[in-house]
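**Student:** To start, I am sharing the structure in question, which I have written as structure tokens.
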Amino acid sequence: MGFLIIAINLFALSFAPVLTPFTETEIVGKVWEPGIWATDCSAEVVKSDGPCWAQLNDNRMGGKSWLGTDHIGRDLLTRLLYGARNTISLALIITGLSFIVGMAFGFLAATMRGWVDQVVSRVVDILMAFPTLIFALIVLSVAGTSIPVLIVVIALLDTTRVFRLSRAVAMDITVMEYVEGARLRGEGIMWVMWREILPNTLPPLVAEFGLRFCFVFLFISALSFLGLGLQPPTADWGSMVQENSVAISFGVYNPLIPAAAIAFLTIGINLVVDWFLRKAAGLREEY
Amino acid sequence: MKDSLRILILKRLAFGLLTLFIISVLITLGVEMLPGDLAQAILGQHATTEALAAIRLELNLDRPLHVRYFVWLGDILQWDLGTSLVNNREVADLIATRLSNTLFLASCAAIIAVPISIFLGMLAALYRESLFDKIITMTTLTTISVPEFLVAYILIVILSVEFNVFPSMSYVSPDFRLWDRLYAVALPVMTLVLVVVAHMMRLTRAAIINVLTRPYIETAQLKGMKRSWVIMYHALPNALAPIINVIVINLAYLVVGVVVVEVVFVYPGLGQLLVDSVSKRDLPVVQACGLIFASTYVMLNLTADILSILANPRLRHPT
């Protein structure tokens, strides 16, 4: 189930331009045209050929807007697909970055101990004492909202959490005999980290990757929703909700679609992480 | 024994103060890193040199960095937060009513959320693996994975658009009476409650289950103690520390989560002011709001740590 959701999202991400006849910022119809669910299927409208849903009125660009249009008449499905592309890839970049940096520092702190560990841990403590959203907002107000700033800020915030976990997990590994053996053999720190610690810490870190990805994804969406993340006209699920939020008061529920898409993806990932953890735990029981 | 406890708490307090200090330094440094300086940010690109010089003098920009930092810190401590760059109003005035609005919203949510989540968490822990537990676990997992604004909009759709029970915009003004206020904040409070209860309930459940698997609980059960007594005398006192921790941490979360919810419901609170000021790059206001949010967060976390040290004898002797 979880895999299916992720697969759908990856599919949308890779094939966005092929799947839709429109481009990201193209205006294709009237404002807030309803999608297929609102197609009038009463007898006089339905033509004889084809099922009812296929009769969705062609808009003036000659295509169908399956999910309706947004506040300035752009096709919602198209924006949703491109939004998947922008938000998910951004979240992937950020999570990847924070894992590389966080794991490097975490392993380093665990293998070297001493003052390196002390310094890095205290810095992380202080960063973690700061509420993340407020931190991001302050930095964005100073540096302005651009994609590089966004990446650096969120990655920094996320790195602290990754560091905590990878340090804790690596601590358990560094006291193992085989690590000691490797050290006595005269292997360098890099070799120990790469060949001994990394493979043994992988399962919890992979699970954490999923959870952190969800966190980053929700974080970007929240920032975009506040109008401080990805800037228009770039499509993003969070900002799509915000742009269209006025419609809700008029009983047009289009803005709920991207919000639901966000929820859908995060639930999917959580399910997979759960499954993975249970599998990892199950394997351990078999030994 | 008493002394070691005191030292531990003092240490924790010192760390909290240090964090606050570093936060304030970071906030000032952030402004320093602006391209150009604050004077230029106020007057814009086409300012005359004389005007820039005048403003620099007014803002003490001619003095060295550390002097300015302490002047700024002194001002803040006297609740003089400077003036807004956008409309030249005193930041302290801007913030005062909004701060009380935000506190009102957050405390309403807390008053409802804390008892509910502890009660549900205990029930789920006692009847774990039952249908009730599974339903609750699934529901809360879903609520956690969903962005706050979706919860908010779903509530708007159901309660405001379809059934017209509550207003979708939470406008409050200082002359509102308590009842009108409560009516206005009903939906944002519900949103916050839903989100926070999910977190708190899960953690409470985990904390109690953790205690229930201990050997002394088993001993108590085996010697024939009644289930309710076991829970009252053995489980609850030992689960108290983690539960207090959970509550306070979630209150801290509430303070931050309020930002998004305020924006959704156009509630005139501090969070909205912060978001507005960030997009207008109105730095004095951002500094002040950020400082208030951050210090509340730090204080609450500090309280959580100290309370759990007090409630758990084992934490008093760190190895």
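The values are calculated or read from the model by the stated rules, or taken from the named source; none is laboratory data. Nothing here was measured: the structure is a model prediction, and the numbers come from that model. Note that each Cβ is placed from the backbone with ideal geometry, even for glycine, and that neighbours are counted across all protein chains shown.
**Student:** Pairs under 8 Å by beta carbon, first residue more than 11 Å from chain A (Cβ to nearest Cβ) in the stretch B:8-25, partner among the β-branched types (V, I, T), six or more apart or different chains?
**Tutor:** B:L8/B:I309; B:I9/B:I306; B:I9/B:I309; B:R12/B:I306; B:R12/B:I309; B:L13/B:I306; B:S24/B:I76
**Student:** While we're on this one: For the structure I just gave you, tell me whether A:V206 is modelled with pLDDT of 80 or more, more than 12 Å from chain B (Cβ to nearest Cβ) and in contact with an Asp or Glu (Cβ under 7 Å, 6 or more places away or on another chain).
**Tutor:** In short, no.
**Student:** Which residue out of A:F163, A:F107, A:F135 is assigned to a helix (DSSP H, G or I), of a type in the set (F, W, Y) and within 14 Å of chain B (Cβ to nearest Cβ)?
**Tutor:** Among A:F163, A:F107, A:F135, only A:F135 is assigned to a helix (DSSP H, G or I), of a type in the set (F, W, Y) and within 14 Å of chain B (Cβ to nearest Cβ).
**Student:** Run B:L254 past the list (1) more than 9 Å from every other protein chain (Cβ to nearest Cβ); (2) surrounded by fewer than 22 Cβ atoms within 10 Å (Cβ to Cβ); (3) not aromatic (F, W, Y) and report the number of the one that doesn't hold.
**Tutor:** Failed condition: (2).
**Student:** Between residues in the stretch B:128-152 that are within 11 Å of chain A (Cβ to nearest Cβ) and under 14 Å from B:V193 (Cβ atoms) and residues that are of a type in the set (F, W, Y) and surrounded by 20 or more Cβ atoms within 10 Å (Cβ to Cβ), which pairs lie under 9 Å by C-beta distance while being six or more apart or on different chains?
**Tutor:** So the pair list comes out as B:E148/A:F225; B:A152/B:F265.
**Student:** If you don't mind, another one. List the pairs whose first member sits in the stretch B:245-273 and is under 13 Å from B:I292 (Cα atoms) and touching a residue at least 60 places away in the same chain (Cβ under 8 Å), whose second member is basic (K, R) and assigned to a helix (DSSP H, G or I), and whose Cβ atoms are under 9 Å apart, counting only residues at least 6 apart or on separate chains?
**Tutor:** What qualifies is B:G269/B:R98; B:L270/B:R98; B:G271/B:R98; B:L273/B:R98.
**Student:** Quick check on this structure: which one of A:V216, A:V149, A:V142 is touching a helix residue (DSSP H, G or I) at 6+ places or on another chain (Cβ under 6 Å), within 14 Å of chain B (Cβ to nearest Cβ) and surrounded by fewer than 17 Cβ atoms within 10 Å (Cβ to Cβ)?
**Tutor:** A:V149
**Student:** Okay, moving on. Go through the stretch B:79-109 residue by residue and tally those that are over 15 Å from the mean Cα position of the chain (by Cα), surrounded by fewer than 19 Cβ atoms within 10 Å (Cβ to Cβ), of a type in the set (A, V, I, L, M) and at pLDDT 70 or above.
**Tutor:** The number of residues fulfilling the criteria is 2.
**Student:** Would it be correct to say that A:R122 is on the phi > 0 side of the Ramachandran plot and surrounded by fewer than 16 Cβ atoms within 10 Å (Cβ to Cβ)?
**Tutor:** It is false that A:R122 is on the phi > 0 side of the Ramachandran plot and surrounded by fewer than 16 Cβ atoms within 10 Å (Cβ to Cβ).
**Student:** Name the single residue that is modelled with the lowest pLDDT among those in the stretch A:232-273 being more than 17 Å from the chain's Cα centre (by Cα) and surrounded by fewer than 19 Cβ atoms within 10 Å (Cβ to Cβ).
**Tutor:** Restricting to residues being more than 17 Å from the chain's Cα centre (by Cα) and surrounded by fewer than 19 Cβ atoms within 10 Å (Cβ to Cβ), the top hit is A:G251.
Residues checked against (1) at pLDDT 80 or above; (2) closer than 25 Å to A:G188 by Cα:
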| position | (1), (2) |
| --- | --- |
| A:L56 | no, no |
| A:R60 | no, no |
| A:Y82 | no, no |
| A:T87 | yes, no |
| A:L90 | yes, no |
| A:V101 | yes, yes |
| A:G114 | no, yes |
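**Student:** Let me ask something else about it. Cβ-Cβ distance below 6 Å, separation of 6 or more or different chains: which pairs start in the stretch B:281-293 with a residue that is more than 9 Å from every other protein chain (Cβ to nearest Cβ) and end on one that is outside any helix (DSSP H, G or I) and of a type outside the set (G, A, S)?
**Tutor:** Short answer, once both residue conditions are applied: B:A288/B:L81.
**Student:** Could I ask something else about it? If you scan the stretch B:184-210, which residues turn out to be buried (at least 20 other Cβ atoms within 10 Å of the Cβ), farther than 23 Å from B:V157 by Cβ and β-branched (V, I, T)?
**Tutor:** Of everything in the stretch B:184-210, those that are buried (at least 20 other Cβ atoms within 10 Å of the Cβ), farther than 23 Å from B:V157 by Cβ and β-branched (V, I, T) turn out to be B:T204, B:I208.
**Student:** Here is a further query. Cβ-Cβ under 8 Å, sequence separation 6+ or interchain: first residue in the stretch A:264-287 and hydroxyl-bearing (S, T, Y), partner assigned to a helix (DSSP H, G or I) and modelled with pLDDT of 80 or more. Which pairs?
**Tutor:** Taking only residues 6 or more apart or on different chains, the pairs are A:T266/A:C214; A:T266/A:F217; A:T266/A:L218.
**Student:** So, of the residues in the stretch A:120-132 that are β-branched (V, I, T) and within 14 Å of chain B (Cβ to nearest Cβ), which turns out to be nearest to B:L273 (Cα to Cα)?
**Tutor:** A:T132
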